[in-house]
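As structure tokens, the structure follows; a few thoughts come after it.
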Amino acid sequence: MRLASVGALALAALTATSARRSSQKVQAINFKRASTGLQDVVTWDEYSLKINGERVFIFSGEVHPYRMPVQSLHLDIFQKIKSLGFNAVSFYVFWGLHEPKRGHLDFTGFRDLQPFFDAAREAGIYLIARPGPYINAETTGGGFPGWGTYDRDLWRTENATYYDAWQGYMAEVGAQIAKNEITKGGPVILVQSENEYTGFQSPYKEDRVYEQQLLDALHKAGITVPITTNDASPGGHYTSVDIWGYDSYPNGFDCSHPYTWGSNSVPESFWASHMRYSPNVPNSIYEFQGGAFDGWGGSGYDTCGILTGPEFERVFYKNNFAQSTATLNLYMIYGGTNWAGTAHPGVYTSYDYGSAIAEDRTLREKYYELKLQANFLKQSPAYLTTRPQNPNAILGAYTGNSALKTSFIFDVVGKKTGFFIVRQSDANSAAAQTYKLTVPTTVGNLTLPTLGGSLTLTGKDSKIHVVDYEAGGTSILYSTGEIATWATIDGRDVIVLYGNKGELHETAIKFTGTTPKVQTVSGSGQIKQGVVSQTNLALQYTTTGQTVVSVGAKTLLYIVDRANAYEFWSLSPPGQGALAAYNTKNPILVKGGYLIRSLSTSSGTLSLVGDLNSTASFEIIAPAADSKKVTFNGQSLSLKKTSYGTLLATKSAQLPSVSVPDLKSLTWKTSNSLPEVSSSYSDASWKTANKTSTYNPTKPRTPGGVVLYAGEYGYHTGNILWRAHFTASGGETAFSAHIQGGFAFGHSAWLGDAFIGSWEGDVTHESYNSTFNFPAALQKGKEYVITILQDHMGYEEDWIAASETFKGPRGILAYSFVGASTNVTTWKVTGNLGGEDYVDNSRGPLNEGGLYAERQGWHLPGFDDSKWKNGRPTDGISAPGVQFYRTAFDLNVPSGVDYPLALAVSNSTVNTHYRAQFYVNGWQFGKYVNSIGPQKSFPVPQGILNYQGKNTLAVSLWAQDKAGAKLNDLHLEVRAKIESSMAKVVNQQASSWTKRDGAY
Ligand code: GAL
């Protein structure tokens, strides 16, 4: 588009806006206040949600309780989210974990949801509960229980056996959520039904009966708060819920090209879709990209953190605000860990997700960028009643520069405040653009900056410029410098304005009477002044470092660059009553520190509670009467008063050194974990795999139609072992099998005790046809047994309803002998001991797989390995097989710090293939495939690791090549050192080893 016509466009937008404004003056706003009719605490209208009648922007982050089994750590994560200025967390419940055996529901131990609810309430976080029954979530089976894989009917439809299947779970989880609704003093404000009920396997369509069944079930369970759903993209599915919304992942999941964005990747049609499908509810995005998942062989989560880093947050989230989004949930804000068998085959052990809060609970830079946006919106009530003014005419609008797109949203209720969101037209452009912004204001159209010069937008950046914005008693006519936050303290409005380092900006403040005196009270930034339209004082400045300027007696401006803006925390002391922690009134500003979790005031003392990773220089902006004394984590700070009434203090971080054991120098004990291939081993206790019929849509291609799907025999996770007994005819030269385990799976086979080959796995095969050649001719009439060890990488998801993808078998799809048409007389199978009647209730159904060591419980603390020989995983074995290793060590990490630890391996350059699993105090917290990767550092949370006492570490090593294998390295890594005020971590209780009767 030529520049001239863009200019015309900009002007047209301006005229349209002014016209709309004047018509709004006469038109009464029609509030469509809506509620479920079952309660009146959470209501809504076309603009926003209201809690107890008050409008609230829901800024939420996704967290999954099951990806953090240490219950006492939920509070740490919630507090970190709360300190961003967020007010909510959305969470899935994973049905398969709670009902691993049909009809046997379990919400005990790490699966108990109550500690999660309680921690949210304690932190002042609202919850959006998403119990499924389907959740997707890169979770095995998309959250469906393993036993669903052998159910008759189509899942995610109204069909009868599926309907019967989810009844018990939904009734129970629904009741637990209902008990924790805000109406009963709990944190739950919204409940989602299903998940992305959007794609349907032809000829099936959106099943409205099923949709209604779920709504009925939730209501029957006692849910009274609004029910929501998340269309995968705004396509108008499942609009019968109370507050419909949608999801979006516009930067995709290719973390290996983290700096490349699609030129047109910024979504522009959300508003139109929202108006089309659900105009009477708040524009709600229930999942918006907060990071990206990474698959086996991927590029690692740090790259996902770049793909979705601060630049992404600025451009894409501000674009959501440009569409008056009133509920925004970022998926994920804290990803956690796919420990044990949690994952589907598309992801590995870490579910860090490149989120603002990393898997080890440390904060990425993107955390601080989010804080700027959240604190701005928290203090901008006018935003909540905005409507986009130029959704179809943003190109070149208000700037005349076609390289820029500017959206104008206007508070149509207050009829004053406007927000102009500027970004690059080509999202991928790295070129800086200069511009002037011509905007409507209460004193007429103005072209900014008014005092000369121009504004700049660098590549991959976006800004929110405001007009007629109220910050307490200060009326801001306009500000091109973005508002990080503001607070009225002792009658003075403290406003934090920011831009990138070195950028020119302008802010105009309304005055009455004489022009207020402008005084630079701190810092060296130059301020240019001018009067706009007689009653507004325009200040032009450059955002570099920090300059503090007083404007009259009632306004104090902090003019800062982004790095300084990152440092401001805006937190409110607790309010009154049951929801005290939710108070957002009367914020106090604190600059500095790695994290301020909370603050409170009492008898003249301001108590700050926070974390430090280095010496902090604080500036505290608090009411004088409440901050005569200031403490940080209980220690008095020595305070210096600034000339402008704020307080300065420094606090050094207490970061005691700790020594972590050198794992390689510990005594390790070792034992063979593949006795199954020895001639003396009996598989009599194994299940006989002799089914010849299955409901599974994948029909067996085996002789006689024998069903060799582990799930049909109750094995849904971890390693699976098969044994084929046959009598040789003498002609057999090889055995072929088509084995399926999901992406990156592997398998190995033995004839008797002779190794006959492996498939080492890769990222493109979810199944593989192997032909295992026999080492020598078989003897006619002799009985042989072939043992196959395979991975189960988790079940597929079931994203397309009625596709039954999650039923994709793990096992042997087809087999035959080469050289003879021999019959297998008996197939035997085992996975984890007990299958669906799994043994270790405390660590749940997915912690143990079918390795001999796991069936015996060797991974558990308390097992007596003293009779085993010595041997280290870093020495390994010189032949194919499975070897198990155990050691123990003490940790002595003092309290008052948060030193996240990880088990780390180094790149294995030797070309042998192996698979290792790491068990910490019995919990499986890592699965490493050396030839596929990419994960090399496996965070293990405190509470799984005992930080003050004994720990048991076990390693399984499955060597897939003739040469055997060893771990190149294994060490404990201290990932960060933080002085921390987090609540005491209680070790997650779990059982120790006891003799397993009947273990085989
Ligand atoms: C969404 C889905 C989530 C998760 C996400 C990608 O489509 O609702 O459960 O799978 O994609 O991480």
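None of the figures in this text is laboratory data; all of them are computed from the coordinates on show. A quick note: this is a predicted structure, and the numbers were derived from the prediction, not measured. Here Cβ is always computed from backbone atoms with ideal geometry, including for glycine, and neighbour counts include all displayed protein chains.
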Debye, to nearest 20: dipole size of segment 179-218, +1 on Lys, Arg Cβ, -1 on Asp, Glu Cβ: 160 debye
For peptides 564-572, 158-166, sequence by mean Cβ density within 10 Å, most packed first: 564-572, 158-166
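At a Förster radius of 41 Å, what calculated FRET efficiency corresponds to the Cβ-Cβ distance of residue 636 and residue 864, to the nearest 0.05?
Working: r = 52 Å, r/R0 = 1.26.
Taking R0 as 41 Å, the efficiency between residue 636 and residue 864 is 0.20.
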Principal-axis tilt of helix 3-26 within the chain, Cα atoms, nearest 10 degrees: 80 degrees
Distance in nm between pseudo-label sites at residue 602 and residue 996 (7 Å out along the Cβ direction from Cα): 5.0 nm
Difference of contour (0.36 nm per residue) and Cα-Cα distance, residue 40 to residue 158: 39.3 nm
Length-normalised contact order of segment 829-896 in % [C-alpha pairs under 8 Å, at least 6 apart]: 21 percent
Helical contribution to [θ] at 222 nm, DSSP H n ≥ 4, -39,500 (n - 2.57), averaged over the chain, rounded to 500: -3500 deg cm²/dmol
Label-point separation, residue 534 to residue 973 (7 Å along Cα→Cβ), nm: 6.7 nm
Degrees, to the nearest 10: 114-123 long Cα axis against longest axis of the chain: 20 degrees
Convex hull of Cα atoms in segment 287-339, direction-averaged projection (nm²): 4.2 nm²
0 to 90° range, to nearest 10: angle between helix 365-378 axis and the chain longest Cα axis: 50 degrees
Contour excess over end-to-end distance, with Cα ends at residue 948 and residue 240 and 0.36 nm allotted per residue: 249.6 nm
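Shape verdict for segment 731-850, please, from the Cα gyration tensor: rounded (a/c under 1.5), prolate (a/b greater than b/c) or oblate.
Details: a/c = 2.24, a/b = 1.63, b/c = 1.38.
Since a/c reaches 1.5 and a/b is larger than b/c, the shape of segment 731-850 is classed as prolate.
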Dipole-positive endmost among 536, 266, 970 within the chain (Cβ charges, Cα centre): 536
Dipole axis of the chain (+1 Lys, Arg; -1 Asp, Glu on Cβ), positive-most option in 675, 830, 508: 508
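What percent does the relative contact order of the chain come to when contacts are Cα pairs within less than 8 Å and at least six residues apart? All intermediate terms of the calculation are to be shown ahead of the outcome.
Numbers: 2655 pairs, mean separation 114.7, N = 1000.
Computed over the chain, the figure is 11 percent.
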Furthest towards positive pole of dipole, 354, 308, 652, structure part the chain, Cβ charges: 652
Highest to lowest packing among 802-815, 764-777, scored as the average C-beta count within 10 Å: 802-815, 764-777
Rounded if a/c under 1.5, otherwise prolate or oblate - the chain, Cα gyration tensor axes: prolate
Modelled label reach - residue 889, point 7 Å along Cα→Cβ, segment 961-992 residues with backbone N closer than 14 Å: 969-975
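Can you check what the net charge comes to around residue 585, using other residues whose Cβ is under 12 Å from the Cβ of residue 585 (Lys, Arg +1; Asp, Glu -1)?
Values: positive: 378; negative: 54.
Neighbourhood net charge equals 0.
As a footprinting exposure proxy, order 224, 694, 108 by other Cβ within 10 Å, with the fewest listed first. Don't skip to the answer; put the middle values down first.
On the way: 224 21, 694 18, 108 11.
Taking fewest neighbouring Cβ atoms as first place, the list is 108, 694, 224.
Rounded to the nearest 20 Debye, what is the dipole magnitude of the chain about its Cα centre when Lys and Arg each give +1 and Asp and Glu each give -1 at the C-beta?
Details: 83 positive and 84 negative charges, 448 e Å.
With only Lys, Arg, Asp and Glu charged at Cβ, the dipole is about 2160 debye.
Given an 8 Å cut-off on Cα distances and at least 6 residues of separation, report the relative contact order of segment 470-582 as a percent. Walk me through the numbers before you get to the answer.
On the way: 247 pairs, mean separation 29.8, N = 113.
Over segment 470-582, the number comes to 26 percent.
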Label-point separation, residue 986 to residue 585 (7 Å along Cα→Cβ), nm: 3.4 nm
Antiparallel content of DSSP bridges confined to the chain, in %, to 5: 80 percent
Global form of segment 73-193, assessed from the alpha-carbon gyration tensor, a/c cut-off 1.5: prolate
Net dipole in debye of segment 699-801 [+1 Lys, Arg Cβ; -1 Asp, Glu Cβ; about Cα centre; nearest 20]: 560 debye
